[in-house]
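Accompanying notes for the structure given below.
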Amino acid sequence: MKRCIASFVLFLLTTVFSQNKIAVTIDDLPLQRIGSYSKEQYESLTKKLLTNLSLQKVPIIGFVNEGKLFTNNKLDENKTALLKQWLDAGFELGNHSFSHKSANQISAEEFNSDILNGEQVIRNLVESYGKRLEYFRHPFLHTGLSLAKRDSINDFLSNHNYKIAPITFDNSEWIYAAAYDKAIKEKNEQMMNKIGEDYLSYMKLKLEYWESQSVALFSRNISQTLLIHANALNAEYFDELCEIIRKKNYVFVTLDEALKDEAYESLDTFIKNNGISWIHRWAITKGKKKDFFGNEPEASKWVADYAGIDYE
Ligand SMILES: [Zn+2]
């Protein structure tokens, strides 16, 4: 019996210590495509999204585009109220710039002022909840096309006490989300379900892919960071997405906790015009050749076609 208990304890310990870690980050708050919704629609969609997110009891950080809080160039209290709901639900907020411009397409000065414009409302708001505004997420994951430009933006961020929020679990959820929104507009429930099911299978494949890329680069599964967006797709499917992730033996951790993994200190000299996973940025920096990057699962073509997105 004693031996039995001892082996059970050993089993428990190895299970606990071998657990994978993942942080959930959600971009484009208060909502993707908020301009296409009426007040009633964006309020009910936010309620549905936050209900689903809260039920999972996982830490989440949402990245805000303050430009989305404006209606006819005026700060809209109704839209700001949506962010309060995120904070009321216990989630963190970060800065995703005011107008979601690419650092690859505008000057460092313009980009930096877009960062500061992006904290005019949320800095006070976040601090009024006793929290800190700590993280910045680059729109499109674009960080600049030269090291000099990238570094000057990084210096600006660190002088304003921001940490960069990288991601590893990159994916094309945005294509599924666009298709899903179209199916909602067309009141095509069959299509909505079909897109949702395909989204879940795709995300499972993608998670497995990033695990194997992580093992190929670091000989272990590093703490992963997931990027998805604030949209109707996740309002419906976040619970099922979490279930898939949990079945792969993950615990959900804060972004802070995930970034403690020393993998995130790896050298990154990537300056191409792609918004890609940091795993691939580190791999490119380490000189990995083309065959390392093969077999990445892609969003189904029929979904992209339905959404009218040409992404190949
Ligand atoms: Zn974004």
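The values are calculated or read from the model by the stated rules, or taken from the named source; none is laboratory data. Nothing here was measured: the structure is a model prediction, and the numbers come from that model. So basically every Cβ, Gly included, is an ideal-geometry build from the backbone, and we count neighbours across all protein chains shown. Heads up: the accessible areas ignore ligands, DNA and RNA and are worked out on the full protein's heavy atoms, side chains in. Shrake-Rupley method; radii C 1.70, N 1.55, O 1.52, S 1.80 Å.
Among the residues making up the stretch 185-203, those that are surrounded by fewer than 17 Cβ atoms within 10 Å (Cβ to Cβ) and over 19 Å from ILE245 (Cβ atoms) are LYS185, GLU186, LYS187, ASN188, GLU189, GLN190, ASN193.
Residue count for the stretch 71-91 under the criterion of being surrounded by 14 or more Cβ atoms within 10 Å (Cβ to Cβ), closer than 14 Å to GLU119 by Cβ and either more than 16 Å from the ligand (Cβ to nearest atom) or of a type in the set (S, T, N, Q) (or both): the result is 1. In the set LEU207, LEU233, only one residue is more than 16 Å from the ligand (Cβ to nearest atom), open to solvent by less than 20 Å² (accessible area, probe 1.4 Å) and in contact (Cβ under 8 Å) with a residue 12 or more places away in the chain; that residue is LEU207. When GLU119, GLU109, GLU134 are checked against the criterion of being under 19 Å from SER158 (Cβ atoms), out of contact with any Cys (no Cβ under 6 Å at 6 or more places or on another chain) and exposed (fewer than 14 other Cβ atoms within 10 Å of the Cβ), GLU109 stands alone in meeting it.
Could you tell me whether ASP310 is in a helix (DSSP H, G or I) and of a type in the set (D, E, K, R)? For ASP310, the condition - in a helix (DSSP H, G or I) and of a type in the set (D, E, K, R) - is not met. Taking the condition of being surrounded by 14 or more Cβ atoms within 10 Å (Cβ to Cβ) and under 20 Å from ALA178 (Cβ atoms), how many residues in the stretch 33-47 meet it? Total satisfying the criteria: 7. When the criteria are applied in full, LYS68 meets the requirement of being within 16 Å of the ligand (Cβ to nearest atom), in contact (Cβ under 8 Å) with a residue 24 or more places away in the chain and in a helix (DSSP H, G or I).
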